[in-house]
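Data first, discussion second: the structure below is written as structure tokens.
Just so it is clear, none of the values below were taken in a lab; they were calculated from the coordinates. Every value quoted in this text rests on a predicted model; they were computed, and no experiment measured them. Please note: Cβ atoms are built from the backbone with ideal geometry, for glycine as well, and neighbour counts cover all protein chains shown.
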């Protein structure tokens, strides 16, 4: 089995067309200490290949403003996570292209790639903050500040 970067699930190269079945598989998805992904039930354990992140955050809702802001993300499988200490946002850079690849922690060491349109909405909420004598760009959510990138590089 495989989860593509766009969040599509495949079995033997064929997309799994039933959302309910994908949600069932996702409910038993685990990640071990080495970074490998597994579908794990009390009776079986099966390795699964994940191209990037197992989930895709396809929607975001913002409530409040400034340090009191709360950002809630919803995945394509209807999981939700409020960005904060328990569900951090991080932005990595794709090798070669240096394109931002934003993620949010969803549950149990499993992340969601934040969809491009959602990331644009997130950037619109960004503010500049002083950190260790430097000005950084990011967002507040649930009392935590998450850096989104260096404004001078954009």
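Numbers below:
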| quantity | calculated |
| --- | --- |
| Of 11, 103, 37, the one that fluctuates the most in a GNM where the chain has Cα springs shorter than 10 Å | 11 |
| Helix-only [θ]222 nm of the chain, DSSP H runs n ≥ 4, -39500 (n - 2.57) each, per residue, nearest 500 | -3500 deg cm²/dmol |
| Highest-fluctuation residue, 35, 109, 126 considered, GNM on the chain with Cα pairs under 10 Å | 35 |
| Fewest-first ranking of 141, 72, 27, 97, using other Cβ atoms within 10 Å as the exposure measure | 97, 27, 72, 141 |
| Nitroxide proxy distance, nm - points 7 Å out along Cα→Cβ at residue 98 and residue 36 | 3.6 |
| Three-way shape label, region 5-102, alpha-carbon gyration tensor, a/c 1.5 | prolate |
| Prolate/oblate/rounded label for region 2-50 (Cα gyration tensor, a/c 1.5) | oblate |
| The chain: relative contact order in percent, alpha carbon pairs under 8 Å with at least 6 residues between | 18 |
| Separation of the residue 11 and residue 62 label points, Cα + 7 Å toward Cβ, nm | 4.1 |
| Normalised contact order of region 2-50, rounded percent, pairs of Cα under 8 Å and 6 or more residues apart | 30 |
| Tensor-based shape of region 43-86 (alpha-carbon gyration tensor, a/c under 1.5 rounded, otherwise prolate or oblate) | prolate |
| Sites residue 46 and residue 145 - FRET efficiency at Förster radius 30 Å, r taken between beta-carbons, to 0.05 | 0.20 |
